[in-house]
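A short worksheet on the structure shown next.
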Amino acid sequence: MRPRSPRFDPPGSVDDPLTEIARDGARRMLAAALRAEADAFVARHAEETLPDGRQRVVRHGYGPERRIQTGIGTLEVRRPKVRDRAEGVPAEKRIRFSSGILPRWARRSRSRDALLPVLYLRGVSTGDFQGEAPNATRPR
């Protein structure tokens with residue numbers, strides 16, 4: 001039997017099966033919610049067709065995978081894309097899909113964005129900071 005090679009985890013990572021199960025479940029639920037949102041958008045526009053009879057608004061694969069910071073940790077997710085197949089339509093008349101769950105620019109969940117200032121202010125008010133920068137100057 002061959003010996004197993006050592007596993008090198010990034011610094012600060014924790015090998016916790018429960019957290020990994022929760023992250024995997026969150027990743028699957030987020031992917032399912034994004035697919036359902038895109039499918040519902042396409043279904044709302046199912047009546048609109050092109051002159052040749054094809055559906056105007058269709059699903060069009062997925063965007064590149066990106067990392068989203070959430071309260072449970074970082075999740076990798078791919079956002080579904082929707083395409084308006086109409087040609088020669090002015091930009092203001094094009095049908096565009098924008099996810100309410102995961103906007104194009106989002107890299108962190110809203111709850112995490114709201115939490116950071118609160119935690120910072122709590123640390124300032126109580127003086128409870130952990131791990132200062134090596135060259136930080138402290139007021140006396």
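Some observations on this one:
- Members of the stretch 78-92 found to be hydrophobic (A, V, I, L, M, F, W, C) and either in contact with a Pro (Cβ under 8 Å, 6 or more places away or on another chain) or at pLDDT 90 or above (or both), listed by number: VAL82, ALA86
- Identity of the residue in the stretch 68-99, out of contact with any strand residue (DSSP E or B) (no Cβ under 9 Å at 6 or more places or on another chain) and among the β-branched types (Val, Ile, Thr), that ends up surrounded by the fewest Cβ atoms within 10 Å (Cβ to Cβ): VAL89
- Lone qualifier among GLU37, GLU65 - being open to solvent by less than 50 Å² (accessible area, probe 1.4 Å), among the acidic types (Asp, Glu) and closer than 28 Å to THR19 by Cα: GLU37
The values are calculated or read from the model by the stated rules, or taken from the named source; none is laboratory data. This one's a predicted model, so the numbers in the text were calculated from it and none came from an experiment. For neighbour counting, all protein chains shown are included, and Cβ atoms are generated from backbone atoms with ideal geometry for every residue, glycine included. Note: accessible area is taken over every heavy atom of the protein model, side chains too, but ligands, DNA and RNA are not part of it. Shrake-Rupley method; radii C 1.70, N 1.55, O 1.52, S 1.80 Å.
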